[in-house]
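See below for the structure under consideration.
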Amino acid sequence: MTSLLSLQTRPAVDPPVIAEKRERLLRIFRDMESVVVGFSGGIDSTLVAAAAHEALGDRALMVIAESESYPKAELDLALEIARGRGWNVRVVETSELQNPEYQKNDGTRCYFCKAELFTHLKAIAEAEGYQAIAYGANVDDMADWRPGHQAAKERAVRSPLYEAGMTKPEIREVARQMGLPNWNKPAMACLSSRIPYGTPVTAETLAKIEAAEDVLRALGLSQFRVRHHDTVARIEVPRDQFAALLDAEMADRIVAGIKQAGYLYVTLDLQGFRSGSMNEMLPR
């Protein structure tokens with residue numbers, strides 16, 4: 001069976017601009033003197049962590065937040081990257097799921113998630129003498145609904161990629177130049193983003209979503225979502241992968257695996273993969 005792993009090609013960017021923005025990013029970190037970085041293993045936070053380490057060495061601490069909403073596969077990848085590159089890394093447990101405001105899952109859910117994360121990062125920074133806190137927001141993020149940015153602003157958490165004026169293609173190119181192994185890794189948001197706004201977030205639902213997505217991951221997919229709709233699992237993949245998924249053998253394996261995860265029905269979204277599709281229900 002042909003693998004469905006879909007890697008992005010090298011982005012078209014202006015080399016002088018890339019060089020200038022990379023140096024600007026390093027300069028931002030040097031000016032911080034020391035920093036605690038919220039690190040998830042996604043390409044944005046990975047570049048933040050890599051630049052922080054290059055500029056500050058062990059005066060940069062990468063903190064991974066472990067919770068029910070963070071896929072174990074992503075945690076394992078983040079630790080592999082950090083340890084492989086010799087970064088100062090730590091895992092902390094966060095408890096956003098204990099917050100009723102997070103559980104009710106209205107349009108501000110991400111605010112309470114980031115508030116929980118930044119509370120932990122701030123406690124570490126204050127206890128251990130780190131001068132700044134940073135995370136991976138970038139210029140392109142500002143085009144979508146991201147209430148987590150408000151939590152960052154309220155707590156004086158820095159967004160070095162945004163401050164350096166870096167877009168997603170530029171981030172990927174700098175990451176490629178720095179030899180980061182996940183420079184072309186598709187974005188992977190938290191598991192709660194698979195649940196429609198207004199449907200409560202529970203540990204049981206998150207575990208079911210993770211088990212369903214593990215089925216797709218095991219079959220070689222890299223860019224996908226399993227959106228949760230009660231008894232229905234709605235699969236999003238890029239349209240150029242539809243034919244492979246609808247192959248009879250592949251489809252049977254997917255259906256069997258996702259039903260075993262706890263869903264009654266399995267559907268394929270004909271609009272294809274789109275990041276943040278649950279935000280489509282929010283008022284514009």
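Lys pairs in the chain, Cα-Cα under 24 Å, at least 8 apart or on separate chains: how many?
Total qualifying Lys-Lys pairs in the chain comes to 21.
For the chain, what is the accessible area per residue in Å² when the probe is 1.4 Å?
Heavy-atom accessible area per residue stands at 46 Å².
Please find, in a Gaussian network model of the chain (springs between Cα atoms separated by less than 10 Å), the residue of PRO147, PRO160, PRO181 whose mean-square fluctuation is greatest.
Among PRO147, PRO160, PRO181, the largest mean-square fluctuation in the Gaussian network model of the chain belongs to PRO181.
What FRET efficiency comes out for ARG274 versus ARG27 if R0 is 41 angstrom and r is the Cβ-Cβ distance? Round to the nearest 0.05.
Efficiency computed from Cβ-Cβ geometry: 0.70.
For the pair VAL91 and GLN260, how long in nm is the line joining their label points, each one 7 Å along Cα→Cβ?
2.4
Based on Cβ point charges of +1 for Lys and Arg and -1 for Asp and Glu, what charge dipole magnitude is obtained for the chain about its Cα centre, in debye rounded to the nearest 20? Each step should come with its number before you reach the end.
Values: 34 positive and 39 negative charges, 70 e Å.
For the chain, the charge dipole is close to 340 debye.
Search the structure for amide H atoms under 5 Å from the amide H of HIS229, placed 1.01 Å from N in the peptide plane, and list their residues when 5 or more places away or on another chain.
It is ARG234, by chain and number.
What distance in nm lies between label points placed 7 Å from Cα along the C-beta direction at ALA218 and ALA248?
2.3
If you take every residue apart from PHE224 with its C-beta less than 12 Å away from the C-beta of PHE224, what net charge results, scoring Lys and Arg +1 and Asp and Glu -1?
My count for the surroundings of PHE224 gives +2.
Quick one: dipole size for segment 27-125, taken about the Cα centre, charges +1 on Lys/Arg Cβ and -1 on Asp/Glu Cβ, in debye to the nearest 20.
So the dipole magnitude of segment 27-125 works out to roughly 240 debye.
Fully extended, how many nm does the chain gain between ALA73 and THR119 (0.36 nm per residue separation, minus their Cα-Cα distance)?
Extra length from ALA73 to THR119 when fully extended: 14.1 nm.
Give the distance, in whole Å, between the Cα centre of segment 24-66 and the Cα centre of segment 206-271.
Centre-to-centre distance over Cα atoms comes out at 34 Å.
Could you grab the relative contact order for the chain? Cα pairs under 8 Å, six or more apart, rounded to a whole percent.
21
Work through the residues other than LYS168 whose Cβ is under 9 Å from its Cβ and net out their charges, Lys, Arg +1 and Asp, Glu -1.
Net local charge, LYS168 excluded: -3.
Taking only complete DSSP H runs, can you tell me which helices of the chain stretch 27 Å or more along their own long axis by Cα positions and average at least 0.5 on the Kyte-Doolittle scale?
none
Given DSSP loops and a limit of at most 16 other Cβ atoms within 10 Å, what is the longest stretch of the chain that contains no such chymotrypsin sites (Phe, Trp or Tyr not before Pro)?
Value returned for the longest uninterrupted segment is 1-144.
The values are calculated or read from the model by the stated rules, or taken from the named source; none is laboratory data. No experiment lies behind these values; they were computed from the predicted model shown. In this analysis, Cβ positions are derived from the backbone assuming ideal geometry, glycine residues included, and neighbour counts consider all displayed protein chains. Quick note on the areas: whole protein, heavy atoms, side chains included, nothing else; ligands and nucleic acids left out. Shrake-Rupley method; radii C 1.70, N 1.55, O 1.52, S 1.80 Å.
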